[in-house]
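Take a look at the structure set out below.
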Amino acid sequence: MITLHEKAYAKLNLTLDVLGKRADGFHDLKSVMQTVSLHDPVELDLGTGEPWKMICDREDIPCDARNLAWKAAAAFFAYVDRDPGGITIRIQKNIPSGAGMGGGSADAAAVLRMLNRHYGNSLTPEELAALGGTIGSDVPFCVLGGTVMCEGRGEIMRRVPEMPKCIILGCKPEFSVSTPVLFRKIDSVDICHHPDNDGMEKALASGDLNMVAERICNVFDPVVSADHPEISHIKTVCNACGALASQMTGSGSVVFAIMPDMESAEKAMAQLKETYSRVFLAEPV
Ligand code: C5P
């Protein structure tokens, strides 16, 4: 038996635009996605000689074929036409779920990356990302990582200049958002404010964190904020502590803020912890 290790990094959407509904029921998006340091350590035992098993430290996470990490392993072995002789997947869940941080997709991508590495990189990065796309819309980005302009369902990817170093505060309200329900909802609202993706790309190229912060924008933010005042509350706390920007990520419900220094980040964190149990600091990776 051999054990593989990989870190599954969370993502944030610096921008997120919904361009329209497609014939296949999905939506065309345009989003600058960013990997951040918050991660789930993922371990994989290969050749256990036992039925497939998954162990996770959180009870609300399904530990069977419904889990994206399990699906990723199954998809990989089907693709390369191999039998690993039994596997056990162990995940320590640090990334909140129902959060818009791509937690399940990150775990799936980590499984794909480590299996491909173990089997001599038999799939090209493009093939691995495409295989990820069969598991979930965010998996191709999570396979690639970094700072990426994502289009289509998320599978059309182009690297853009990396995000300047900064301190990111994240806070998860108690509620979670159903991604399919939110996509259905956005079909019936007029999107008043679209992100400036070209402007974001130029801001990233300039390396100026203030310019990047000014262009952070997610079309789902006002839709979720309308039903959940916690989103505005978290932003108000962060902004009062000097945040350069604060915004919901993906389909929510995590709100992230770009903080100017550690002192203000810790001040905002202490205030948010009085109300919310899941508050964390991270940085772009
Ligand atoms: O691909 P994934 O399983 O993450 O998508 C979850 C749901 O979100 C889809 O079933 C669909 O309702 C919605 N979705 C969408 N357009 C996308 C991504 C997701 O409509 N580009």
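The values are calculated or read from the model by the stated rules, or taken from the named source; none is laboratory data. Note that the coordinates shown come from a computational prediction; the quantities given were computed from them, not determined experimentally. Cβ sites come from the backbone with ideal geometry, for glycine too, and all protein chains shown count toward neighbours.
Observations on the structure shown:
- Helices (runs of 4 or more DSSP H) wholly inside region 57-173 containing at least 1 residues that are over 25 Å from Phe220 (Cβ atoms) and in contact with a Leu (Cβ under 7 Å, 6 or more places away or on another chain): 68-80, 103-118, 125-133
- Answer residue from region 15-53, given it is polar (S, T, N, Q) and more than 16 Å from the ligand (Cβ to nearest atom) and is surrounded by the most Cβ atoms within 10 Å (Cβ to Cβ) among those: Gln34
- Breaking point among (1) modelled with pLDDT under 95; (2) touching a Ser or Thr at 6+ places or on another chain (Cβ under 9 Å), for Gly25: (2)
The rows are residues; the columns are (1) within 23 Å of Gly98 (Cβ to Cβ); (2) of a type in the set (Ser, Thr, Tyr); (3) out of contact with any Ser or Thr (no Cβ under 6 Å at 6 or more places or on another chain).
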| position | (1), (2), (3) |
| --- | --- |
| Leu204 | no, no, yes |
| Leu209 | no, no, yes |
| Glu214 | no, no, yes |
| Phe220 | yes, no, no |
| Val223 | yes, no, yes |
| His233 | yes, no, yes |
| Gln247 | yes, no, yes |
| Leu272 | yes, no, yes |
| Leu281 | yes, no, yes |
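- The single residue among Arg158, Arg113, Arg117 that is away from the ligand (no atom under 12 Å from the Cβ), of a type in the set (D, E, K, R) and crowded, with 18+ Cβ neighbours inside 10 Å turns out to be Arg113.
- Here is the figure for region 120-134: residues that are within 13 Å of the ligand (Cβ to nearest atom) and within 24 Å of Gly86 (Cα to Cα) total 2.
- Test: residue in region 25-39 that is farther than 19 Å from Thr147 by Cα, more than 21 Å from the chain's Cα centre (by Cα) and not in a helix (DSSP H, G or I): yes
- Check on Leu123, within 17 Å of Lys71 (Cβ to Cβ), among the aliphatic types (A, V, I, L, M), assigned by TED's automatic domain parsing to the domain that holds Trp70 and without any contact (Cβ under 8 Å) to a residue 24 or more places away in the chain: no
- When Ala65 is tested against (1) within 16 Å of the ligand (Cβ to nearest atom); (2) in contact (Cβ under 8 Å) with a residue 60 or more places away in the chain; (3) of a type in the set (A, V, I, L, M); (4) farther than 30 Å from Cys192 by Cα, only condition (2) is not met.
Okay, residues lined up against (1) more than 16 Å from the ligand (Cβ to nearest atom); (2) in contact with a strand residue (DSSP E or B) (Cβ under 7 Å, 6 or more places away or on another chain); (3) over 22 Å from Ala8 (Cβ atoms); (4) in contact (Cβ under 8 Å) with a residue 12 or more places away in the chain:
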| residue | (1), (2), (3), (4) |
| --- | --- |
| Gly136 | no, no, no, yes |
| Cys150 | no, yes, no, yes |
| Glu162 | yes, yes, no, yes |
| Ile168 | yes, yes, no, yes |
| Phe183 | no, yes, yes, yes |
| Cys192 | yes, no, yes, yes |
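- Restricting the first member to region 23-50 and to residues that are outside the structural domain of Thr249 (by TED's automatic domain parsing), and the second to residues that are among the aromatic types (Phe, Trp, Tyr), the beta-carbon pairs closer than 8 Å and six or more apart or on different chains are His27/Phe183; Met33/Phe141; Thr35/Tyr9; Val36/Tyr9; Ser37/Tyr9; Leu38/Tyr9; Leu38/Phe280; His39/Tyr9.
- In the condition set (1) out of contact with any Gly (no Cβ under 7 Å at 6 or more places or on another chain); (2) under 17 Å from Arg113 (Cα atoms); (3) away from the ligand (no atom under 16 Å from the Cβ), Pro84 is compliant with all but (1).
- None of Ser206, Ser176, Ser188 is of a type in the set (S, T, N, Q), within 16 Å of the ligand (Cβ to nearest atom), free of Cβ contacts under 8 Å to residues at least 60 places away in the same chain and farther than 23 Å from Val111 by Cα except Ser188.
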